[in-house]
Amino acid sequence: MIVDERVSCYIKSLTAYNSDFLEKLREKALEAKVPIIKRETESFLKTFLLLKKPKRILEVGAAVAYSSLVMAETLEGNVKISTIENYEKRVLEARKNIKDSHYSNIIHLIEEDASKVLKELVEKEEKYDFIFMDAAKGQYINWLEPVIKLLNKEGVLCSDNVLQGGDIVQSRYIIERRDRSIHSRLREYLYELTHREELSTTILSLGDGVALTVLKK
């Protein structure tokens, strides 16, 4: 928990819910311990999308397609969303959830390794207005270059879970050995986001941390 728990609970109590379909999907995902976006992060994402109104969205890490469906519902279907997932069990669930929704015509599930897909999208010279990064945190730094190439000018990259629940500020020697590699890579990723001349980034202590990055003109 990055923000004081009482403050976080109060903010959550004010958050508007989604459609019944999405709320049931959220409840099912949480019961199955599927890593979906936290409620306060979701609220921020919806508000930002209504401001930005992107026409093309790429999501790296579909899980069960909850985030994709939130984005589609928020934008009332006036968007095209491509979402990448490689974990077979999640792919099956994501495929079903998209099919059962009202947005199967605008959400394209790409069932392949993200590194391979991003490379192929760059080669095809695809461009996106908004990219949502919510997958293996240790890979964020490896995906940064292709992701930047996929953004339209003034396009936005939103990276979730970048503060590791606050652990990112700790010395790597305090972090459990199995998490040290992710810790180091996330720090490198955040440094790149905040120090590259073509990028403008702000980091928010929402959920487990959100980095919002704009590709400058």
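The values are calculated or read from the model by the stated rules, or taken from the named source; none is laboratory data. Since the structure is predicted, the reported quantities are computational estimates derived from the model, not experimental observations. Note: ideal-geometry Cβ built from the backbone for every residue, glycine included; neighbour counts use all protein chains shown.
Going through 194, 201 one at a time, which residue ends up being among the β-branched types (Val, Ile, Thr) and either assigned to a helix (DSSP H, G or I) or at pLDDT below 95 (or both)?
Numbers: 201 fails: either assigned to a helix (DSSP H, G or I) or at pLDDT below 95 (or both).
One residue alone meets the criteria, 194.
Which ones in the stretch 105-118 are more than 15 Å from residue 61 (Cα to Cα) and surrounded by 15 or more Cβ atoms within 10 Å (Cβ to Cβ)?
Looking only at the stretch 105-118, we keep the residues that are more than 15 Å from residue 61 (Cα to Cα), and these are 105-106.
106 - this is the single residue of the stretch 105-118 that is more than 15 Å from residue 61 (Cα to Cα) and surrounded by 15 or more Cβ atoms within 10 Å (Cβ to Cβ).
Yes/no matrix, rows are residues, columns are (1) acidic (Asp, Glu); (2) in contact with a Leu (Cβ under 6 Å, 6 or more places away or on another chain); (3) within 13 Å of residue 138 (Cβ to Cβ); (4) surrounded by fewer than 20 Cβ atoms within 10 Å (Cβ to Cβ):
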position: 185; (1), (2), (3), (4): no, no, yes, yes
position: 189; (1), (2), (3), (4): no, no, yes, no
position: 197; (1), (2), (3), (4): yes, no, no, yes
position: 200; (1), (2), (3), (4): no, no, no, yes
position: 207; (1), (2), (3), (4): no, no, no, no
position: 210; (1), (2), (3), (4): no, yes, no, no
position: 213; (1), (2), (3), (4): no, yes, no, no
position: 216; (1), (2), (3), (4): no, no, no, yes
Contact list, first residue from the stretch 44-63 and under 26 Å from residue 86 (Cα atoms) and of a type in the set (Asp, Glu), second anywhere and modelled with pLDDT of 95 or more and part of a helix (DSSP H, G or I), beta-carbon distance below 9 Å, six or more apart or interchain, is 59/67; 59/68; 59/71
The lone condition residue 2 fails out of (1) modelled with pLDDT of 90 or more; (2) surrounded by 14 or more Cβ atoms within 10 Å (Cβ to Cβ) is (1)
Considering residues that are more than 16 Å from residue 25 (Cα to Cα), touching a helix residue (DSSP H, G or I) at 6+ places or on another chain (Cβ under 8 Å) and not in a helix (DSSP H, G or I), the number found within the stretch 101-126 is 6
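Is it the case that the stretch 73-91 has a residue that's in contact with a Ser or Thr (Cβ under 8 Å, 6 or more places away or on another chain), over 15 Å from residue 143 (Cβ atoms), not acidic (Asp, Glu) and not in a strand (DSSP E or B)?
Restricting attention to the stretch 73-91, the residues satisfying the condition of being in contact with a Ser or Thr (Cβ under 8 Å, 6 or more places away or on another chain) are 73, 81, 83.
Now drop any that are not over 15 Å from residue 143 (Cβ atoms), which leaves 73, 81.
If we keep only those that are not acidic (Asp, Glu) as well, we get 81.
Those left that are additionally not in a strand (DSSP E or B): none.
No - not one qualifying residue is present in the stretch 73-91.
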Margin query: Given the condition buried (at least 18 other Cβ atoms within 10 Å of the Cβ), within 22 Å of residue 159 (Cβ to Cβ) and polar (S, T, N, Q), answer yes or no: does some residue in the stretch 86-104 qualify?
Written below: yes
Going through the stretch 127-141 in order, the residues found to be assigned to a helix (DSSP H, G or I) and not small (Gly, Ala, Ser) are 137, 139, 140, 141
Residue pairs within 8 Å by beta carbon, gap of at least six or interchain, first lying in the stretch 75-100 and under 17 Å from residue 25 (Cβ atoms) and in contact (Cβ under 8 Å) with a residue 60 or more places away in the chain, second surrounded by 18 or more Cβ atoms within 10 Å (Cβ to Cβ) and small (Gly, Ala, Ser), listed first then second, are 97/65
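Hey, could you check the stretch 62-81 for residues that are touching a strand residue (DSSP E or B) at 6+ places or on another chain (Cβ under 8 Å) and over 17 Å from residue 212 (Cα atoms) and say which is surrounded by the fewest Cβ atoms within 10 Å (Cβ to Cβ)?
Going through the stretch 62-81, the residues touching a strand residue (DSSP E or B) at 6+ places or on another chain (Cβ under 8 Å) turn out to be 62, 65, 67-69, 71-72, 79-81.
Subsequent filtering for residues that are over 17 Å from residue 212 (Cα atoms) retains 62, 65, 68-69, 72, 79-81.
Details: 62: 32, 65: 30, 68: 28, 69: 27, 72: 26, 79: 20, 80: 17, 81: 27.
Per the stated criteria, the residue is 80.
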